[in-house]
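Undergrad: Below are the structure tokens for one structure; questions will follow.
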Amino acid sequence: MENNSIKVTLKAEIPHRDQQIDILVDILETSTLPPFLYVYGHTSTGKSLVVQQVIQSIENIQYAAIQCIECLSPRFLYESILEQLGCEDRCDSANDFARHLKQIYVGRPICIVLDKAERLRDLNDGMLIPTLTKIPEYTGLNICIMFISEIPFEKFRCGTGSLDPIHIFFPQYSKEEILDLLMKECPQPENASLYQTYLSMILGVFLVACRDYCELRYIASQHWDSFMEPINSGEIDRTQSVKLWRHLEPKLRSSLNQVYVRGPDTCGTQIGLKMELPFFSKFLIIAAYLASYNPARYDRRLFVKAKEGRKNKDKGLKSLKKQKLHNAARLMGPKVFPIDRLMAIFYSIVEERVTPSLNIFVQISTLVSLKLLTHTGSAAMFQGVPKYRCNAGYDLVRSLARTVNFELGRYLYDTTV
């Protein structure tokens, strides 16, 4: 398929990503691939979809697409890549990986796509990323290593030896683009104009707090039946937009507190917790939970980095006693904590070095607006220090901790003391 034909086809299938499609097709259709591409942008901006469709549309290219969230070791990563390229041999090191690539290379360009690439930062003591980016140089083959991530490349801390990639940025969708994408999900095509009115109401309430297309699509699907209820019953005419807005607004305002947080479904049979927040916001919630449920006097014991030489005074603590402590702490509810304690815990649990900045405090304000933290203004008036309380439950914080590979139980007072 010719270059222009590929672009036209993909732009028709994936709207509002014309620039990114043009760049990727132009790069991957060249006879010599660049050694390192870095595709990044916020969640739900079409990164993985565009990359997958572009690569599959180019006939002359071999590729392997890996979800890095599944890779627990360099060996697993190497063998997963080789398996998709047609090699099932054991691969224990980067040298083996380069050797196998040379053996299976048949002259066609190879593109290795690593989605959620930020998960590779902690593998092999941070040396895996520089190693991967040097594979085209080591092998001398026509290979492109492509990272897909939600964070800027500067956060990778690759150290010396890593190549500078070609950056391809996927911006968030604008309001008009989100509206157009959501219109394609209209459940009743005969009510397209009415559905557009409904979506305008949804975006008017939720767009300030959320620009995630997938989350907005979920919200729109949840409230459509409520919107149509007075129309179907004859209580409100479909042309009376103001009355329809007054009917739906209270429900939308109530749901605004649950953006990104999913509780029991309509049948109550399962619990799905989803949290799509910036990387540091997740650690701020975890730090707030630890500050709310851990006694302040144990902070040094729990969060001091040099714990290797510390003796465990009570290795024989029974699991029943731990469970009683855990239940008691949760029954008493979250405690109020000052912001300086929150920040001290935050800087302790985030593995990478974080420079104090206005952005961190803006994220705290955002968590307050999402009702995940509560600002206790009355307590702050006496000491002049802002104080907060964590509203997030244990199940939610535990699910967040898993997304950032943080061992929550290791830092809870009731499970370690």
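Undergrad: Tell me, which residue of the range 175-201 that is loosely packed, with under 15 Cβ neighbours inside 10 Å, modelled with pLDDT under 90 and in a helix (DSSP H, G or I) is nearest to the chain's Cα centre (by Cα)?
TA: Applying the filter and picking the extreme gives PRO189.
Undergrad: Hey, among ILE349, ILE339, ILE345, which residue is more than 15 Å from LEU412 (Cβ to Cβ), modelled with pLDDT of 50 or more and aliphatic (A, V, I, L, M)? I'd like the intermediate steps shown before the answer.
TA: Values: ILE349 fails: more than 15 Å from LEU412 (Cβ to Cβ); ILE345 fails: more than 15 Å from LEU412 (Cβ to Cβ).
Going through ILE349, ILE339, ILE345 in turn, just one is more than 15 Å from LEU412 (Cβ to Cβ), modelled with pLDDT of 50 or more and aliphatic (A, V, I, L, M): ILE339.
Undergrad: Another question about this same structure. Hey, could you check the range 202-219 for residues that are not acidic (Asp, Glu) and not in a helix (DSSP H, G or I) and say which is nearest to HIS42 (Cα to Cα)?
TA: Per the criteria, the residue is ARG211.
Undergrad: Sticking with this structure for a sec: Considering only residues of the range 29-80 that are in contact (Cβ under 8 Å) with a residue 24 or more places away in the chain, in contact with a strand residue (DSSP E or B) (Cβ under 9 Å, 6 or more places away or on another chain) and loosely packed, with under 15 Cβ neighbours inside 10 Å, which is nearest to LYS134 (Cα to Cα)?
TA: The residue in question is GLN67.
Undergrad: On to the next question. Taking LEU132 as the residue in question, decide whether it is surrounded by 20 or more Cβ atoms within 10 Å (Cβ to Cβ), outside any strand (DSSP E or B), at pLDDT 90 or above and in contact with a His (Cβ under 6 Å, 6 or more places away or on another chain).
TA: No: the conditions fail for LEU132.
Undergrad: Please enumerate the residues belonging to the range 135-151 that are β-branched (Val, Ile, Thr) and either assigned to a loop (DSSP other than H, G, I, E, B) or not assigned by TED's automatic domain parsing to the domain that holds LEU114 (or both).
TA: ILE151 - this is the single residue of the range 135-151 that is β-branched (Val, Ile, Thr) and either assigned to a loop (DSSP other than H, G, I, E, B) or not assigned by TED's automatic domain parsing to the domain that holds LEU114 (or both).
Undergrad: Now for a separate question. Out of all the residues in the range 158-174, which are under 19 Å from SER48 (Cβ atoms) and either assigned to a loop (DSSP other than H, G, I, E, B) or in contact with a helix residue (DSSP H, G or I) (Cβ under 6 Å, 6 or more places away or on another chain) (or both)?
TA: PRO165, ILE168, PHE170, PRO171, GLN172, TYR173
Undergrad: Same structure, new question: If only one of VAL106, VAL51 is at pLDDT 95 or above, out of contact with any Lys or Arg (no Cβ under 7 Å at 6 or more places or on another chain) and either under 30 Å from ARG217 (Cα atoms) or assigned to a loop (DSSP other than H, G, I, E, B) (or both), which one is it?
TA: Values: VAL106 fails: at pLDDT 95 or above.
Within the list VAL106, VAL51, the selection yields VAL51.
Undergrad: Filter the range 384-413 for residues that are among the charged types (D, E, K, R) and either outside the structural domain of ARG341 (by TED's automatic domain parsing) or assigned to a loop (DSSP other than H, G, I, E, B) (or both) and give the result.
TA: Matches in the range 384-413: GLU407 only.
The values are calculated or read from the model by the stated rules, or taken from the named source; none is laboratory data. Because the structure is a prediction, the values reported are computed rather than measured. Neighbour counts run over all protein chains shown; Cβ positions are idealised from the backbone, glycine included.
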